[in-house]
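Taking it in order: structure first as structure tokens, then the write-up.
The values are calculated or read from the model by the stated rules, or taken from the named source; none is laboratory data. The shown structure was predicted, so the numbers you read here are calculated from the model rather than taken from an experiment. Cβ atoms come from the backbone with ideal geometry, glycine included; neighbour counts cover every protein chain shown.
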Number of protein chains: 2
Amino acid sequence: MHIDTPLFARHRSRFEQAQQACTDRGCWSPFPETPNRYPDAAQAQAQGLAAFRAHLGADGVDRPFELDQPGTIGTLGAEISPYTQQPLGVRYPQADVDRLFDAAQKAIEPWAGAGIEQRLGVLMEVVERLFADHLFELTHAVMHTAGQSFNMAYAGSGVNALDRAIEALVYAEQAMRAVTPHARWERQFGASTIALDKTYRLVPRGIAVCFACASFPTWNAWPSMMASLATGNAVIVKPHPATILPMAISVRVFRQVLAAAGFDPNLVTMATDSVEQPIGKLLVQHPKTAIVDFTGSVAFGQWVERNAYPALAFTETAGCNTVVLESTDDLDATLRSLATTMCMFSAQMCTSPQNIYIPAHGVRTPQGLVPLQTVARQLADAVQKLGADPKKAAMILATIQSPQTLALLQQLRTEGAARGQVLLEPQPYAHPEFPQARTSTPLMLQVDTTQRELYGQERFGPVSFVIACADADDALAQASGDVTAFGGLTAFLYSTDEDYIARAEAAYARAGAQLTTNLTGAMPLNFAAAYSDYHVTGLNPAGNAALTSLAFVASRFCITQSRRPAREPSPAPQS
Amino acid sequence: MHIDTPLFARHRSRFEQAQQACTDRGCWSPFPETPNRYPDAAQAQAQGLAAFRAHLGADGVDRPFELDQPGTIGTLGAEISPYTQQPLGVRYPQADVDRLFDAAQKAIEPWAGAGIEQRLGVLMEVVERLFADHLFELTHAVMHTAGQSFNMAYAGSGVNALDRAIEALVYAEQAMRAVTPHARWERQFGASTIALDKTYRLVPRGIAVCFACASFPTWNAWPSMMASLATGNAVIVKPHPATILPMAISVRVFRQVLAAAGFDPNLVTMATDSVEQPIGKLLVQHPKTAIVDFTGSVAFGQWVERNAYPALAFTETAGCNTVVLESTDDLDATLRSLATTMCMFSAQMCTSPQNIYIPAHGVRTPQGLVPLQTVARQLADAVQKLGADPKKAAMILATIQSPQTLALLQQLRTEGAARGQVLLEPQPYAHPEFPQARTSTPLMLQVDTTQRELYGQERFGPVSFVIACADADDALAQASGDVTAFGGLTAFLYSTDEDYIARAEAAYARAGAQLTTNLTGAMPLNFAAAYSDYHVTGLNPAGNAALTSLAFVASRFCITQSRRPAREPSPAPQS
């Protein structure tokens, strides 16, 4: 592959539409939202599956993943498919980290000097190549590492993540365009006029380390990589050891497009590690690390925030996403929507609701007050129904990424039974296509607010808590207070009382969770639309940065200037 | 004072001109650049002097500075005028810090809810009140605390600092306007259409602590305060104990205008301390601190950067600003400009040059190679000449802010004599108006690059080093390398070799010092123009943030959203 036409021109129209979408924040995407609308869908899907299978080991023999990056000192890889519970058999290069940093450092200057349009052109081409040549390969890679369903892997980890990548480019461009490249400055000092020509340069911070998470690797990693690269930095990707393949494919595409466009492919490299020998802290505190993007656990995220200095840190960790159910016009529709959203990818999404706060006296409906116990039972029944239909369960619940999650379910089931009431017992369901799949229907517990220790943190996986609160005001205070204390990305409210809604909007704005009110119907409640929904606020422990806003990009580069006496007289003013 | 007309309308035209200036980065200011052009200058100056004097104690009796902020538990104040070396006799409220935070916290919500234009209107009115009602009062307050000359206090600490305050408002507005307040989002999910109305809110981080420095208090403090306030935060100002009065006057004006516009004046308060009992660390690590703006010493600045988390930190500390003198068309003009700039406010400016790197073989000129020793001698003579004329010295050198600086001069004189050559001995000069003034002419030392320990840090005050380097390339490498290692805000280059200039521009861009090349004439080399020059790059130890860029403002607020089903159908598309 060699690219010699100006890349930005090829993608200008798409980029300008994305800019408009970010301004208006309406609905837009250049990509088909469902796999069946992909161009030549059947053939593309078959090719993608074949490409995925070509990565895998066979007959007990591992297969190396070719990545021509420097400093390879060995191989590693121990991914296990949540669908087959068998090893993928892919071995990735293990790198001498210092050599990755050295190579990245060398690559930066020509990239930073290339100018905004050239960088954007290359990165928009990466987006196009990921979409056109690798999307179904990535879909299967995500399925067999993160454990998502085919549809979610296509959308959430595919086209939606690509949309978010473009969104990051839009904001990077906006922040960089705010700086004029040249100025003429002229002023009187006493009797003389001083005229200076000034040149402003955008200087990247340096090398960014981008941590991708196990359950949704591309979703934050792609936009983070784009934010760093667009502003002239290099990126070292650190995938979660359980979910390397989607990032390895991504890194290879970035490198191919960079090289084809005449840039040093070492602008994007990958540093792999294992659960037994993690290298995360070493990467964060490497003297050449200038930026850290982190998606993952609260514990390590907080360590990153505290210890990244002098590097900048952008984090998304986790929190307990809250639901307040005060009153509704349509209890059935409300509970159906909640149940579906609680089941989506077995609640292994950073936006999945976990804690459902309900007034002890029940929920107001047009049919009168429905007692808490009845609401809890109906919600559990709706969840149970989804899990009981294997085809639906496969679509919605998909699989459990990590065996640890199954252990957590057992532990919480026991604790929950002792401290409250088990509304729904978790159990495996039989996946219709993958009989060996690691699955579980959700665990639902009912407790009161004395059990905050139990629900006052993210419990990663299909676990939810119905929490009895003193009254409607208490429900809102508890829910928004838990977001402030423990973090929260999303929040969901059902109320027919406009005054209550207004107070909830204010409370959640302070707490910093993105609120969805009175939504029922076909859209998953936690669906986050690129170009429209801001992901993470930075106001609570669930993360310190929003994807994507100006603040996410503006500090990834610095502004330097040089000025000298003007060599030509100032042009006459235009009249 | 009560303000009821819409304030932004009153200031719209000025604000729009400032926006244009920030885009073009040409020369613009709404304010007269010299005190004699101030409206009704004579009367205004007399009133300003009277207002300043009215603050002072008399006959050994201190005078309280009235500031009706909460939590006053005592008074303190021990300022000494560098011009008279006598106490000012002003006592400021000492605050119970927790009560300041509590009061600030309560003030935020209506301010944040007021909207962008209303906040900008109030803050533009503050700028106008500072200019129209307090400028000469502030000028004298700066003179008799920081020790600046009358002209510099008027310009650098007065109108230029006000320009920088407006500049911060421009960028704050730009960052906030990038977020639309409302959107309609509509998408198909299967057979049904989901239409959502989305509302986006800008939520301030919380309470900002703004540290002002002793020698240039308003220069960074005003724009930092504006950046925080414009984005909805409250500010607690922590002045340097030696230089409280300019900030006390400022805080009172902010409070008056806020109150007159119907807002809680506790959005801006002042926390004073003493050298003996500093409260800086307590303020930085207060659980309610969300933002820290710091201007001051390297040591405390680095502590702030390391320890402010979870608060955001924006720092400007110090560095060794460098000069590379390789070749010049006009050696006399070059040395005159350098000498003047080295003397300006006795080099107590963060932009003052300190280290002058010259090839050992000398400087190329149209008259041939001038030996290093001759160049050094001529430069020392030019500096000596400025100090020898008391009237010029008073205008340019002004006074020495701190007695510690005199002690440092003595120490460095001794060390310099042992390790190199003393080019110029420091000595007091007799100030024509203030015979008791604390003054010193500059100390100049000549060393070679083995003495890096001596010059490889900011030596605050009138100290400079002529540094003999192996050759021209070594001079550039040493100078830019010292910036990378020890920090540097400004850099100055003289060369007639365009290739050398290009390499220097690249080297200083990497090192992150703002470069001025081949400038001679009436403009002080280190003059930094608001709306045009970026101050600090964030790329080296001299500070982590630029004043003012989008990055300086964009993370001071967060974006929260609420979305709910659209109550009205989407309008038909416009054809």
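Some observations on this one:
- Flag if B:Ser157 is crowded, with 24+ Cβ neighbours inside 10 Å and at negative phi: yes
- Residues of the stretch B:50-69 that are farther than 19 Å from B:Gly147 by Cβ and within 28 Å of the chain's Cα centre (by Cα): B:Ala50, B:Ala51, B:Ala54, B:Pro64, B:Phe65, B:Glu66, B:Leu67, B:Asp68, B:Gln69.
- Residue match in the stretch B:547-557 (condition: more than 7 Å from every other protein chain (Cβ to nearest Cβ), surrounded by fewer than 23 Cβ atoms within 10 Å (Cβ to Cβ) and on the phi < 0 side of the Ramachandran plot): no
- Test result for A:Val422, closer than 21 Å to A:Leu331 by Cα, of a type in the set (Val, Ile, Thr) and out of contact with any Ser or Thr (no Cβ under 7 Å at 6 or more places or on another chain): no
- Any hit, the stretch B:364-383, residues being among the small types (Gly, Ala, Ser), without any contact (Cβ under 8 Å) to a residue 12 or more places away in the chain and either more than 28 Å from B:Thr243 (Cα to Cα) or assigned by TED's automatic domain parsing to the domain that holds B:Ser555 (or both): yes
- Filter result (touching a residue at least 40 places away in the same chain (Cβ under 8 Å) and either touching a Pro at 6+ places or on another chain (Cβ under 8 Å) or not hydroxyl-bearing (Ser, Thr, Tyr) (or both)) within the stretch B:449-463: B:Leu454, B:Gly456, B:Gln457, B:Glu458, B:Arg459, B:Phe460, B:Gly461, B:Pro462, B:Val463
- You will find that of A:Leu397, A:Leu412, A:Leu406, A:Leu423, the residue that is outside the structural domain of A:Gln148 (by TED's automatic domain parsing), of a type outside the set (Gly, Ala, Ser), free of Cβ contacts under 8 Å to residues at least 60 places away in the same chain and under 12 Å from A:Ser346 (Cα atoms) is A:Leu406 and no other.
- Among all residues of the stretch B:229-238, there is at least one that is under 15 Å from the mean Cα position of the chain (by Cα) and under 27 Å from B:Gln277 (Cα atoms).
- Some residue of the stretch B:275-294 being touching a residue at least 60 places away in the same chain (Cβ under 8 Å), among the polar types (S, T, N, Q) and either under 26 Å from B:Gly147 (Cα atoms) or surrounded by fewer than 21 Cβ atoms within 10 Å (Cβ to Cβ) (or both): no
- Only residues that are over 14 Å from B:Asn355 (Cβ atoms) and touching an Asp or Glu at 6+ places or on another chain (Cβ under 9 Å) were counted in the stretch B:430-448, giving 1.
- Positions within the stretch B:167-196 being more than 9 Å from chain A (Cβ to nearest Cβ), in contact with a Phe, Trp or Tyr (Cβ under 9 Å, 6 or more places away or on another chain) and either among the charged types (D, E, K, R) or more than 20 Å from B:Ser549 (Cβ to Cβ) (or both), in sequence order: B:Glu167, B:Glu173, B:Pro181, B:Ala195
- Candidates A:Ala509, A:Ala522: the one that is over 27 Å from B:Gly206 (Cα atoms) and within 8 Å of another protein chain (Cβ to nearest Cβ) is A:Ala522.
- Taking the stretch B:525-545 as the range and being in a loop (DSSP other than H, G, I, E, B) and either among the aromatic types (Phe, Trp, Tyr) or more than 7 Å from chain A (Cβ to nearest Cβ) (or both) as the test, the residues that pass are B:Leu525, B:Asn526, B:Phe527, B:Ala528, B:Ala530, B:Tyr531, B:Tyr534, B:Val536, B:Pro541, B:Ala542, B:Asn544, B:Ala545.
- Options A:Leu379, A:Leu331, A:Leu312, A:Leu386; residue that is under 27 Å from the mean Cα position of the chain (by Cα), within 20 Å of A:Asn526 (Cα to Cα) and modelled with pLDDT of 95 or more: A:Leu386
- Verdict on A:Ala132 being surrounded by fewer than 20 Cβ atoms within 10 Å (Cβ to Cβ) and of a type in the set (A, V, I, L, M, F, W, C): yes
- Residue satisfying all of: in the stretch B:148-168; part of a helix (DSSP H, G or I) and among the small types (Gly, Ala, Ser); farthest from B:Ala18 (Cα to Cα) among these: B:Ala153
- Which listed residue, of B:Ala51, B:Ala21, is within 14 Å of chain A (Cβ to nearest Cβ), out of contact with any Gly (no Cβ under 7 Å at 6 or more places or on another chain) and among the aliphatic types (A, V, I, L, M): B:Ala21
- In the stretch B:255-268, the residues that are at pLDDT 95 or above form Cβ pairs under 7 Å with partners that are surrounded by fewer than 19 Cβ atoms within 10 Å (Cβ to Cβ) and aliphatic (A, V, I, L, M), at six or more places apart or across chains, as follows: B:Gln256/B:Met1; B:Ala260/B:Met1; B:Ala260/B:Ile3; B:Ala261/B:Ile3; B:Pro265/B:Ala259.
- Taken together, the residues in the stretch B:545-575 that are modelled with pLDDT of 95 or more and more than 18 Å from A:Pro181 (Cα to Cα) amount to 15.
- The lone exception for B:Gln354 - which of (1) within 13 Å of another protein chain (Cβ to nearest Cβ); (2) in contact with a helix residue (DSSP H, G or I) (Cβ under 8 Å, 6 or more places away or on another chain); (3) crowded, with 24+ Cβ neighbours inside 10 Å it fails: (1)
- Only one of the numbered conditions (1) more than 25 Å from B:Val466 (Cβ to Cβ); (2) surrounded by fewer than 24 Cβ atoms within 10 Å (Cβ to Cβ); (3) facing chain A (nearest Cβ under 9 Å) is not met by B:Arg567, and that is (3).
- Filter result for A:Arg53 (among the basic types (Lys, Arg) and farther than 30 Å from A:Asp98 by Cβ): yes
- Flag: B:Val61 does not match the condition of being among the β-branched types (Val, Ile, Thr) and crowded, with 20+ Cβ neighbours inside 10 Å.
- Condition check for B:Met342: modelled with pLDDT of 95 or more and assigned to a loop (DSSP other than H, G, I, E, B): no
- Per the listing B:Thr520, B:Thr560, B:Thr516, the residue uniquely farther than 22 Å from B:Leu229 by Cα and in contact with a strand residue (DSSP E or B) (Cβ under 6 Å, 6 or more places away or on another chain) is B:Thr516.
- Considering A:Thr243, A:Thr272, A:Thr199, A:Thr289, the condition of being β-branched (Val, Ile, Thr) and either within 14 Å of another protein chain (Cβ to nearest Cβ) or within 17 Å of A:Val122 (Cα to Cα) (or both) is satisfied by A:Thr199 alone.
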